[in-house]
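For reference, the structure discussed in these notes is given below.
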Amino acid sequence: MRSIVYAGNDFSDVCSAEVVARSANPIIAEYMRVPGRAGALLVTGYIPPVDVTVRLFMDMGYNPGFTGMAQMRAKVRRWLSWPGGGNLILPDDPEIEYRDVILVGAADWSNLFEDGECQLTFTLFDPIGWGAERVERTARFDVGGNWPTLPEIRLVAAAGSYLQVSVPAIGRGIRVDYEFSGGEAVVVDCQGETVRINDNDARDCVALASDFFALEPGEAILSTSNCTYVETRFSERWA
């Protein structure tokens, strides 16, 4: 891949690009003071938004003339002008997509001719990239990526008073207490922390001890109770 894709616009026909600056994901620590203890007690940490700088090179493979160049620059401006941001794919890792991205800085073109270049700065509000989308229909499968991912579990209930899906290795799972007649479609969305039965909100049926879970990279083994079908959907996540 020779350029960026931003907000659904592929810049490859107009520009080539290279990533020129990107920091490692920093951690912001949250802590509390403890009387009698030196320093502080670490409570948790989180990854804030990070910036990535990209240099664009006008690179159409031909000289479109002064008017054509003006039109191309206008097209690039329009493609970058999304106040609500968009998704971004970078040329150095085209299999990974970053979501919730916005352009926060742009330098002038170095010149107005076909060899002009400019520098852009994007803020990745979600700095953990999204890789391949996966659909697994068995209880045991491998999870790619190098970061935990929040799955969507689709199940078909058997007749009974409850349904459960869990990951025994981490001791977390969701139990749905409901009088199932059998055949109901149940969707457990761990990212949105919702449960739906036949497309109706069923969060009030989630048992108190339930805990929405993430899948760690590597082998995953799901355990289910009182269901006849299970399908796990997730995207690989990359730090």
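Observations on the structure shown:
- Cα gyration tensor, segment 6-148 - rounded (a/c under 1.5), prolate or oblate: oblate
- Across the chain the C-alpha pair distances fall into 5 Å bins from zero in the proportions 1, 6, 11, 13, 11, 10, 10, 10, 9, 7, 5, 3, 2, 1, 0 percent.
- Segment 90-130 shape via C-alpha gyration tensor axes, a/c threshold 1.5: oblate
- Taking amide H as placed 1.01 Å from N in the peptide plane, G145 has no amide H partner under 5 Å among residues 5 or more places away or on another chain.
- Kirkwood Rh, angstrom, segment 137-238 [1 / mean 1/r, Cα pairs]: 13.6
- Using 0.36 nm per residue and subtracting the Cα-Cα separation, the extra length available between A21 and F125 on full extension is 35.8 nm.
- Segment 137-239, accessible surface, carbon-and-sulfur percent (1.4 angstrom probe): 46
- Surface analysis of the chain yields an accessible area of 54 Å² per residue, using protein heavy atoms and a 1.4 Å probe.
- Karplus 3J(HN,Hα) series, Hz, for segment 97-110 with 6.51 cos²θ - 1.76 cosθ + 1.60 (x for Gly, Pro): 10, 9, 9, 6, 10, 9, 6, 10, x, 8, 8, 5, 5, 5
- Cα-based helix-to-principal-axis angle, 65-80 vs the chain, degrees rounded to 10: 20
- Look at where the Cα atoms of segment 76-130 and of segment 140-187 average out, and the two centres are 38 Å apart.
- Amide H contacts of C227: A158, each under 5 Å away and 5 or more positions distant or on a separate chain (H built 1.01 Å from N in the peptide plane; Pro and chain starts excluded).
- Relative to the current alpha-carbon distance between D92 and I221, full extension at 0.36 nm per residue lengthens the span by 43.1 nm.
- Dividing the summed helix terms, -39500 (n - 2.57) for each DSSP H run of n ≥ 4, by the number of residues in the chain produces a 222 nm estimate of -2000 deg cm²/dmol to the nearest 500.
The values are calculated or read from the model by the stated rules, or taken from the named source; none is laboratory data. Since the structure is predicted, the reported quantities are computational estimates derived from the model, not experimental observations. Side chains included, ligands, DNA and RNA excluded: accessible areas come from the protein's heavy atoms. Shrake-Rupley method; radii C 1.70, N 1.55, O 1.52, S 1.80 Å.
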